[in-house]
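The values are calculated or read from the model by the stated rules, or taken from the named source; none is laboratory data. Predicted, not measured: the structure shown is a model, and the values here were computed from it. All Cβ positions, glycine included, derive from the backbone under ideal geometry; neighbour counts span all protein chains shown. For the accessible areas, the whole protein counts, side chains as well, though only heavy atoms, and no ligand, DNA or RNA atoms are used. Shrake-Rupley method; radii C 1.70, N 1.55, O 1.52, S 1.80 Å.
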Amino acid sequence: MSREKLQKLGIELPLFPTTSVGSFPKPDYLVTARSEFAKRKISRDQLRQSERRATEFWIRKQEELGVDVLVDGEMYRGDMVAYFAEHMPGFEEGGLVRSYGNRYYHKPIIISEVQWPGPITVEWWEYAQGLTRKPVKGMLTGAYTVMDWSFNEAYADRRAACLALAGEIRKEVEALIQAGAKIIQIDEPAVSVRPEELPLAIEAMRVTTDGLPAYFITHICYGAFEYIYPGMLEFPVDNFDLEMSNSGLDMLALFRQHPYSKDISFGAVDVHNHAIEAEPVVEERLRKALEVLPKESLWVDPDCGLKTRSVEEAAQKMKVLVDAARALRN
Amino acid sequence: MELKLANHSSYPRIGDSAEGQLLRRTIAQREKGEKTDAEARVAEDRMTELALQEQIQAHLDSVTDGQIRWHDSVSHLAGKLKGARINGLLRFFDTNTYFRQPVVTGRLERPAPMLVEDFLFAQQKSSRPVKPVLTGPYTLARLSVAEENQNVAFEEMLDGYAGALAEEVAALAAAGARTLQVEEPYLLKQPGDFAAFERALGALVARKGSSRLALAFYFGDVSPLYDKLQTLPVDELVLDFTYSPKLVETIAAGGSAKALGLGLVDGRNTRLEDPSTVARQIERVSRAAQLPAATLMPSCGLEYLPRDRAQLKLKHLSTLRDTLNGKAA
């Protein structure tokens, strides 16, 4: 179990550690600040002050709720791929494309060789970690997902773009470790949709993490897991952070067919539903997980980032997770 | 061989200009109660006209309404049927876009035409033939789920969708559609279902009248199924070449008794194709296969691209044809 690895890294966690996937909703003052910054009504420094205030809010909130492994909440990001594209030479911002319904986003375009420009997230991680004694996860987006969610005009094919990105993102991982991060999450939500490219995604993760001294988590969600399991267990990470509740815990059936062999951050609340699950409901989901998973491997978190919920809903969903984990420990 | 140019299906419903934001802004205002459904319909009309204009300016021989009014390829049709309700979001194939999943609660029925009014509006605004596009019954059934405890079998859903869509095909044909495009991308994920797929398709073919029926596949490798697709009672096969590295040679070897829609222009990436490469591919296919007719088009709907890039892709179709004909500068 990777718990030994955590101990070697100097991190002691209780049974059923609680955490979150990464994003939290932005408080109203930050939403307003981002809008005013876009209209050039406030300066970048003023926006940054709001981002720091919101980051501190979420660190304090997680501590208050009793979460074990914290995140900075990604108050400084708009989108998990565009954020890195905005900072890395080699990308340009593309026009708007539709995500669903009336929601659109700027999809980046790789126009030349991508380059790591120096630390991108490290200052935010240092700021967040400086506010708490609990471990704060370093939060990155993986090479495969950045490649898949960008247009590629620079590299010969998807593989070349993916592996080039993997090498550059590794430099950010090294910088986070240099700064003191012990737990680093590298999100790869795109890997579950092209099963034939799973080996490429695994190879890219290896390029990004191989030999580096950290406990690695990767988040995958909303895909056809039946096509990539158990092959996904080859990912060189210690912990899969998986959406489980939205899909009715379907993956547990796969785990019964082929034993799951890593730690798991088990999505125990649905992030696409306004309703707050009752604590016994969440506890029951976790008990079902324990029917097929060793208790030492089970972490507890939401299905996905909570940024689409209101601040109050996100806090309530985190609280019910913490309560359920505590009930289970007892 | 005459090479025609066409749009595939969808087109961006947003752009970076003020006018390009019209529909998004209006829908957002409608959600806040500041605009009515009628005002949203006017915005949809305007964006449909813009999509048509841009396709006509790109010298396409056949255009679509851009599916501007569609929430997504699945719920837009299923949501208009009795016996289905629309549920949460799921990823649409390997894209980073999402569709609302239908939940089939009982017998599927079409209470009213679904696309005819939109087709007539688009045809009235277009100097080129408008091709209506429908997601096929097999794909709709595979992307739906049965209501819990309702015991609706997959075959029942498939037959229900096929019946409803067959009525729509008949109505579109009666309204004057020369070519109808039915899209069945899910078959590429589940080729073992060919018999069920073929049966459902037959219901649509039976109602197409004198209209041509084009059958489209994308987001997967079509090569392994190519020979079987040639046996289907359709007039045209529309094929995505971007997932099928061997498709050019497969067609060259097997020929084609049907007209082909050549999806050689990548609808998922902004990079413009090298004209000489595409010209070689078309020549290889057309000479070896002795194609009766072919249409050059994007590999899939263009809504996956930003508007400015979608426009460039459409204009590129003409450049590619000119290169093939030796007219390139």
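Some observations on this one:
- Here r is the Cβ-Cβ distance between residue A:8 and residue A:273 and R0 is 35 Å; the resulting FRET efficiency, rounded to 0.05, is 0.35.
- Charge context of residue B:152, other residues only, Cβ under 13 angstrom, K/R +1, D/E -1: -3
- Counting all C-alpha pairs of region B:224-301, share separated by more than 17 Å (%): 40
- Förster radius 45 Å - calculated FRET efficiency between residue A:123 and residue B:39 (Cβ-Cβ, nearest 0.05): 0.45
- Each residue of region A:40-54 was assigned a 3J(HN,Hα) from its phi angle through the Karplus curve 6.51 cos²θ - 1.76 cosθ + 1.60 (θ = phi - 60°); the sequence is 6, 8, 10, 7, 4, 5, 5, 4, 4, 4, 5, 5, 5, 4, 5 Hz, with glycine and proline shown as x.
- Within the shell defined by Cβ-Cβ distances under 9 Å, the residues around residue B:296 carry a net charge of +2, with Lys and Arg each +1 and Asp and Glu each -1.
- When you count the other C-beta atoms within 10 angstrom of each residue and take the mean per peptide, B:215-223, B:318-326, A:135-143, A:321-329 line up highest first as A:135-143, B:215-223, A:321-329, B:318-326.
- Amide H contacts of residue A:180: none lie under 5 Å away among residues 5 or more positions distant or on a separate chain (H built 1.01 Å from N in the peptide plane; Pro and chain starts excluded).
- Calculated log₁₀ intensity ratio I(q)/I(0) where the Debye formula runs over C-alpha points of region A:55-102, q = 0.32 Å⁻¹: -1.17
- Working from Cα pairs under 8 Å separated by at least six residues, relative contact order for region B:149-224 is 44 percent.
- Over chain A, volume per residue of the alpha carbon convex hull, in Å³: 129
- The GNM of chain B, with springs linking C-alpha atoms under 10 angstrom apart, assigns the highest mean-square fluctuation among B:249, B:148, B:167 to B:148.
- Shape of region B:44-117, Cα gyration tensor, a/c cut at 1.5: oblate
- Projected-area average for region A:221-330 over all orientations - Cα convex hull basis, square nanometres: 6.6
- When you filter the GluC sites (Glu not before Pro) in region B:1-69 for DSSP loop state and at most 13 other Cβ atoms inside 10 Å of their Cβ, you are left with B:2, B:34.
- The trypsin sites (Lys or Arg not before Pro) of region B:200-286 meeting both criteria, a DSSP state outside H, G, I, E and B (loop) and at most 15 other C-beta atoms within 10 angstrom of the site's C-beta, are B:246.
- All Cα pairs of the protein assembly as shown, percent lying beyond 42 Å: 28
- Burial here means at least 40 square angstrom less accessible surface with every protein chain in place than with the chain by itself, probed at 1.4 Å; in region B:4-24 the buried residues are B:13, B:14, B:16, B:24.
- The longest stretch of chain A left intact once loop-based GluC sites (Glu not before Pro) with at most 14 other Cβ atoms within 10 Å are removed from consideration, loops following DSSP, is A:114-290.
- Across A:107/A:171; A:41/A:137; A:5/A:319; A:26/A:107, pairs whose alpha-carbon gap is larger than 26 Å: A:41/A:137; A:5/A:319
- Placed amide H near residue A:151: partners under 5 Å, 5+ positions off or other chain: A:109, A:110
- Taking θ as phi - 60° and the Karplus parameters 6.51, -1.76 and 1.60, the scalar couplings of region A:156-167 work out to 4, 7, 4, 4, 5, 5, 5, 5, 5, 4, 4, x Hz in sequence order, x denoting glycine and proline.
- Eligible aspartates and glutamates near residue B:189 by straight Cα distance, threshold 16 Å, same-chain separation 8 or greater: A:196, A:197, A:226, B:94, B:198, B:221, B:240
- Surface analysis of region A:42-98 yields an accessible area of 40 Å² per residue, using protein heavy atoms and a 1.4 Å probe.
- Value of D in µm² per second that Stokes-Einstein yields for chain B, Kirkwood Rh from Cα pairs, at 37 °C (0.692 mPa s): 163
- Accessible surface of region A:116-170 [probe 1.4 Å, protein heavy atoms]: carbon and sulfur percent: 51
- Per-residue mean of C-beta atoms belonging to partner chains within 10 Å, peptide A:102-114: 3
- Helical content alone sets the calculated 222 nm signal of chain B at -12000 deg cm²/dmol, taking -39,500 (n - 2.57) per DSSP H segment of four or more residues and averaging over every residue.
- For residues of B:304-313, the mean tally of beta carbons on other chains within 10 Å: 3
- Remark: mean inter-chain Cβ contacts per residue of A:180-189 equal 0, using a 10 Å Cβ-Cβ cutoff to other protein chain atoms.
- Over 22 Å [Cα-Cα, region B:1-146], rounded percent: 48
- Structural descriptor for chain B: relative contact order 19 percent, calculated from alpha carbon pairs under 8 angstrom and at least 6 residues apart.
- Each Lys or Arg adds one and each Asp or Glu takes one away; over the other residues whose Cβ falls under 10 Å from the Cβ of residue A:125, this sums to -2.
- Helix-derived mean residue ellipticity, 222 nm - over chain A, DSSP H n ≥ 4, -39500 (n - 2.57), to 500: -12500 deg cm²/dmol
- Accessible area of region B:122-260 belonging to carbon and sulfur atoms, whole % at 1.4 Å probe: 47
- Remark on residue B:265: its backbone amide H falls under 5 Å from those of B:297, B:299, a criterion applied only to residues 5 or more positions apart or on other chains, H modelled at 1.01 Å from N.
- Alpha-carbon centroid distance for the pair region A:250-303 / region A:48-91, whole angstrom: 25
- Convex hull volume of region B:189-329 per residue (C-alpha atoms, cubic angstrom): 121
- Summed over both chains, the area buried between A and B is near 2600 Å², taken from the accessible surface of protein heavy atoms with a 1.4 Å probe.
- By the Cα gyration tensor, region B:166-229 has an equivalent ellipsoid whose semi-axes, rounded to whole angstrom, run 24, 12, 9 from largest to smallest.
- Under a model in which nothing but the beta-carbon of Lys, Arg (+1) and Asp, Glu (-1) is charged, chain B shows a dipole of about 420 debye around its Cα centre.
- Share of alpha-carbon pairs per 5 Å distance bin for region A:196-246, given as whole %: 4, 19, 30, 26, 13, 7, 1
- J(HN,Hα) series, region A:252-262, from Karplus relation 6.51 cos²θ - 1.76 cosθ + 1.60, nearest Hz, glycine and proline x: 4, 5, 5, 5, 5, 6, 9, x, 7, 10, 10
- Dipole magnitude of chain A about its Cα centre (Cβ charges: Lys, Arg +1; Asp, Glu -1), debye to nearest 20: 660
- Length-normalised contact order for chain A - Cα pairs under 8 Å, 6+ apart - percent: 21
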